[in-house]
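J.: I have a structure I would like to understand better, so I am pasting it below and will then ask my questions one at a time.
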Amino acid sequence: MKKVLKMKKVSVLRIGHRLVRDDRVTTHAALVSRAFGADMIYMTGVDQSVKETVDSVSKRWGGPDFRVEVIDDWKSVVRAWKKSGGKVAHLTMYGINISDAAAQIKKESKLLVIIGAEKVPREAYELADYNIAVGNQPHSEIAALAIFLDRYFAGRQFRKEFAGGRMKIIPTEKGKRVEETGQPF
Ligand code: SAM
């Protein structure tokens, strides 16, 4: 399972952040990226506190390799990504329905997934190799991202090992079982 995920490199780029109103959503976009198999998330318009929150989750629950990078210029990230041979999938309700695009997307081994906090600049639609709709109705970037990553990894992301954390969940039918791993905090 690990091998399949390793062969696919996915980063997320979130454009925009509405002050105060988006605080939880922004953190959740990063946590969903991490838990659903992405390697990192680039974010614009935020301070370092999102990074600190996600780093402390990783220290507790493992997976220290996931990175949050706060950036100013998203277009140069997209251009560098494309130059290095990666493809760009922009999630928008105006795009091609994911059920029609999934077979093609799954062939890509290096993907940058763009999501927006609000209206996304026109250039994102043009720079993207794929504009993908998770249904053609408006909803949320977190829901769109989660469904997209799940279709892309076909559920295998949930077998990923998050090593190196201080705590480890032992899945159980009832209640909560959590083991202390003895890793330094
Ligand atoms: N009009 C926007 C659009 O283009 O999808 C909705 C803005 S919504 C507040 C913020 C983000 O959620 C969008 O930038 C997009 O990434 C994502 N989103 C919302 N609905 C979506 C859908 N049906 N399919 C894919 N992405 C969606």
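J.: Students often get this wrong, so check it: of K8/K106; K9/K87; K9/K106; K51/K106; K8/K82, which have C-alpha atoms separated by over 19 Å?
T.: In this structure, K51/K106 lie more than 19 Å apart at Cα.
J.: Any idea of the accessible area per residue across the chain, 1.4 Å probe, to the nearest Å²?
T.: 58 Å²
J.: Where in region 97-135 does the amide nitrogen come within less than 15 Å of the point 7 Å from the Cα of K75, taken along Cα to Cβ?
T.: So the set is 120-128.
J.: Given the DSSP H assignment, sum -39500 (n - 2.57) over each helix run of at least 4 residues in the chain and divide by its residue total; what's the result at 222 nm in deg cm²/dmol, nearest 500?
T.: One gets -11000 deg cm²/dmol as the mean residue ellipticity at 222 nm.
J.: Taking all protein chains as present, what is the carbon and sulfur share of the accessible area of region 9-180, in % to the nearest whole number, probe 1.4 Å?
T.: 50 percent
J.: With label points built 7 Å along Cα→Cβ from the Cα atoms of V178 and K83, find their separation and express it in nm.
T.: That separation, rounded to one decimal, is 4.4 nm.
J.: From the C-alpha coordinates alone, can you work out the Kirkwood hydrodynamic radius of region 46-113, in Å?
T.: When all Cα pairs of region 46-113 are included, the Kirkwood radius is 14.6 Å.
J.: Could I have the simple spin-label model distance between S99 and S140, label points 7 Å from Cα toward Cβ, reported in nm to one decimal?
T.: 2.3 nm
J.: Also, I was wondering about something else. Mind checking the dipole of the chain: about its Cα centre, +1 per Lys or Arg Cβ, -1 per Asp or Glu Cβ, Debye to the nearest 20?
T.: Charge dipole of the chain: 700 debye, to the nearest 20.
J.: In square nanometres, what is one fourth of the surface area of the convex hull spanned by the alpha carbons of the chain?
T.: 11.5 nm²
J.: What is the sum of charges, Lys and Arg at +1 and Asp and Glu at -1, for the other residues whose Cβ falls under 13 Å from the Cβ of L145?
T.: Overall, the nearby charge balance is +1.
J.: Could you run the Karplus curve 6.51 cos²θ - 1.76 cosθ + 1.60 with θ = phi - 60° over region 77-88 and give me ³J(HN,Hα) per residue in whole Hz, x for Gly and Pro?
T.: My calculation for region 77-88 gives 5, 5, 5, 5, 4, 5, 4, 7, x, x, 10, 10 Hz in order.
J.: Can you grab the distance from the C-alpha centre of region 14-46 to the C-alpha centre of region 75-151, Å, no decimals?
T.: Centre-to-centre distance over Cα atoms comes out at 15 Å.
J.: On to the next question. Counting Lys +1, Arg +1, Asp -1, Glu -1, what net charge surrounds R166 among other residues with beta carbon under 9 Å of its beta carbon?
T.: Taking every Cβ under 9 Å from that of R166, the sum is +2.
The values are calculated or read from the model by the stated rules, or taken from the named source; none is laboratory data. Given the structure is predicted, the values throughout are model-derived calculations rather than measurements. Reconstructed Cβ throughout: ideal geometry from the backbone, glycine too, with neighbour counts over all protein chains shown. Only protein heavy atoms, including side chains, enter the accessible area calculation; ligands, DNA and RNA are left aside. Shrake-Rupley method; radii C 1.70, N 1.55, O 1.52, S 1.80 Å.
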